[in-house]
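The values are calculated or read from the model by the stated rules, or taken from the named source; none is laboratory data. For clarity, every value in this text was computed on a predicted model and none was experimentally measured. Glycine gets a Cβ as well: all are built from the backbone with ideal geometry, and neighbour counts include every protein chain shown. The accessibility values were calculated without ligands, DNA or RNA, using every heavy atom of the protein model including side chains. Shrake-Rupley method; radii C 1.70, N 1.55, O 1.52, S 1.80 Å.
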Amino acid sequence: VLKESKRAVNSILVDDDDEDEEDVERVSWSGEPVGSISWSVKETASSIRSGSEQSFPKIDTTPSLSKQGSGYSLSSLFKAKSKPGAFQSFSESFSDTSSRTYAPELRKPKSDGKDVVSDLSPEETVRRMQKGRAFSLEKFRSLQDKLLLLDEAVAVYDGNVITAVLIFLKKSLSKEILFRELMARDVALRHYVHYLKEMGEQKLLVELLKALGRTEDMALMHYKEHLNIKDESRRRDFLKSCLSLPFSQDDATHVQDHYTLLERQIIIEASDKKAVAEIFKKFPRKASILNMPIITTLYYSCFYHYGESEGTFSSPSNIRKTFRISEKQYILTALGARAKLKSWFDVDSLFNTKNWLGYTKKRSPIGFHRVVDILHKNSAPVQVLQEYVNLIDNPDLKLGGALKYKCHDIVINTYRDLKDRQQLIVYREKLERDSPEYRKIQELLNNVQIRWKN
């Protein structure tokens, strides 16, 4: 499940150049990843219509199969942008989704009792298949006849007919012979690959890709089989067996991360299921941590295991280091978790830094205006909000935040510094008479030493 979230496994890395791509507030521990930090691996169930006539899964007549290396990458899954809709499922990334209908839909054979099908040539048989007339493929018994039939089907370039013939050959030829002959027939090969994808015949498709020398694609298709394993321990063992497959360098890293994440989640889950710490009583877990994305796992760790030493698997700092989570993403995730718990001391510690003289100041890689928004969404008290609004560098953003969150002192001081008497008068009318803020404005307005600009 690790990167089934970056096109399929959510996001392990964040684009540090786009600060609005990730928002920790879209993560909550409800047992499901939310919004941009989630991933899902969708499994499309294939079904074949049953009826009196023969029917097959529908195939696009022009499926494509690049012969120049692997076109599929786990890194693209892991590094996809996190906008809604930006995540494709792993199965979608490996198949042509332009058509999810099923074929070939050969016309229902028209039988008037006069059709003689036993002695038809390959050309005549293909013509009958196109027209929906009665036909028989079983009479083509020799390899030569079967290949002539396939070549005739390809010559008319009818996807339904090609696939119907391929299904017949799949049943009547050994896979070794079929694979060998398809390698010399590119059009038929593309249709066969597409058919196997549509039908979900993963094992056979892996064997075909291996025979074609498409080792990276073969590795990815084999990796996808973990979706069918429900038991977490067996899934972990399967992922471990995938580590030796010939992935690209980036994909190999992501598969290793997937295995490491699940292995760690199993350990954390076993411990936390029987945990008696106060936080588990006050905030009972709503779901298992198993198979959750990296960022959701980090959020969970910041919520339930904050402050643990880096040597423990459940420690936020350990998770951050192991999975190379950026400072920006870590701050966003930890801020959301600690603010949810109203732990304002921990929030402060996220931003406190010391300079070379030993002085402490607050620094944020995400912009303090975003910090203020997250704090407000978690019902931070005015005193806390006011401290962080004051840290916003941009004067317009600072004033806008102060007005939005009713940080009266900041608004009053800003208008005073701007020497804007009229705005102070307008703001005074919004306050309760005789409140401290109201009296402060009145004192400023009566101060003859201030040279107002209006």
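Just so you know, the Cα atoms of the range 120-213 work out to an Rg and Dmax of 12.8, 39 Å.
For the range 241-393, the ratio of Cα radius of gyration to the globular rule of thumb 2.2 N^0.38 Å stands at 1.19. Could you check the simple spin-label distance between Ile177 and Asn447, using points 7 Å along Cα→Cβ, in nm with one decimal? Simple spin-label model gives 9.8 nm for this pair.
Each label was represented as a point 7 Å from its Cα along the Cα-to-Cβ direction; for Lys273 and Leu418 these points are 5.9 nm apart. Cβ-Cβ distance of Asp186 and Ala155, R₀ of 22 Å, FRET efficiency by 1/(1 + (r/R0)^6): the value works out to about 0.95.
A 1.4 Å probe run over the protein chains yields, for the range 285-334, 33 Å² of accessible area per residue, whole-number rounding. Starting from the Cα gyration tensor of the range 341-404, take the square roots of the eigenvalues, sort them a ≥ b ≥ c, and report rounded, prolate or oblate (rounded when a/c is under 1.5, otherwise prolate if a/b is larger than b/c, else oblate). Oblate. For the cross-link pairs Lys282/Lys361; Lys377/Lys430; Lys139/Lys175, the ones whose C-alpha atoms lie over 29 Å apart are Lys282/Lys361.
Only protein atoms count toward the accessible area here, which uses a 1.4 Å probe; on the range 407-453, the carbon and sulfur part of that area reaches 42 percent. Using the 1.4 Å probe convention, the accessible area of the range 341-404 works out to 58 Å² per residue with neighbouring protein chains retained.
For Glu269, the shell of other residues with beta-carbons less than 14 Å away shows a net charge of +3, using +1 for Lys and Arg and -1 for Asp and Glu.
In a fully extended conformation the segment linking Ser309 and Val382 would gain 23.0 nm over its present Cα-Cα distance, using 0.36 nm per residue.
Can you list the trypsin sites (Lys or Arg not before Pro) in the range 376-432 that are in a DSSP coil and have 15 or fewer other beta carbons within 10 angstrom?
Lys406, Lys419, Lys430
Here the range 321-454 has an Rg and Dmax of 17.8, 62 Å, counting Cα atoms alone.
Annotation: extensible slack from Lys230 through Glu432 equals 66.6 nm (criterion: 0.36 nm per residue apart, minus Cα-Cα distance). Other residues whose C-beta falls under 15 angstrom from the C-beta of Lys398 contribute a net charge of -2, scoring Lys and Arg +1 and Asp and Glu -1.
Would you mind getting the accessible area per residue of the range 152-232, heavy atoms of the protein chains only, 1.4 Å probe, in Å²? Spelled out: the 1.4 Å probe surface of the range 152-232, per residue, equals 38 Å². Taking label points 7 Å from Cα along the Cα-to-Cβ direction, Lys321 and Leu245 give a separation of 3.1 nm. Summing +1 for each Lys or Arg and -1 for each Asp or Glu among the other residues whose beta-carbon sits under 15 angstrom from that of Lys282 gives +4. Nonpolar atom fraction for the range 120-213, defined as the carbon and sulfur part of the 1.4 Å probe accessible area, stands at 49 percent. Here the Karplus curve 6.51 cos²θ - 1.76 cosθ + 1.60, taken at θ = phi - 60°, turns the phi angles of the range 289-302 into couplings of 7, 4, 6, 7, x, 4, 5, 5, 5, 5, 4, 4, 5, 5 Hz, with x standing for Gly and Pro.
Remark on Arg133: its backbone amide H falls under 5 Å from those of Lys110, a criterion applied only to residues 5 or more positions apart or on other chains, H modelled at 1.01 Å from N. So if R0 is 35 Å, what FRET efficiency would Lys170 and Phe283 give, r being the distance between their Cβ atoms, rounded to the nearest 0.05? For R0 = 35 Å, the calculated efficiency reads 0.05. If you plug the beta carbon distance of Asp145 and Ser343 into 1/(1 + (r/R0)^6) with R0 = 56 Å, you get a FRET efficiency near 0.15. Counting protein heavy atoms only, the range 235-385 has 54 percent of its accessible area on carbon and sulfur, 1.4 angstrom probe.
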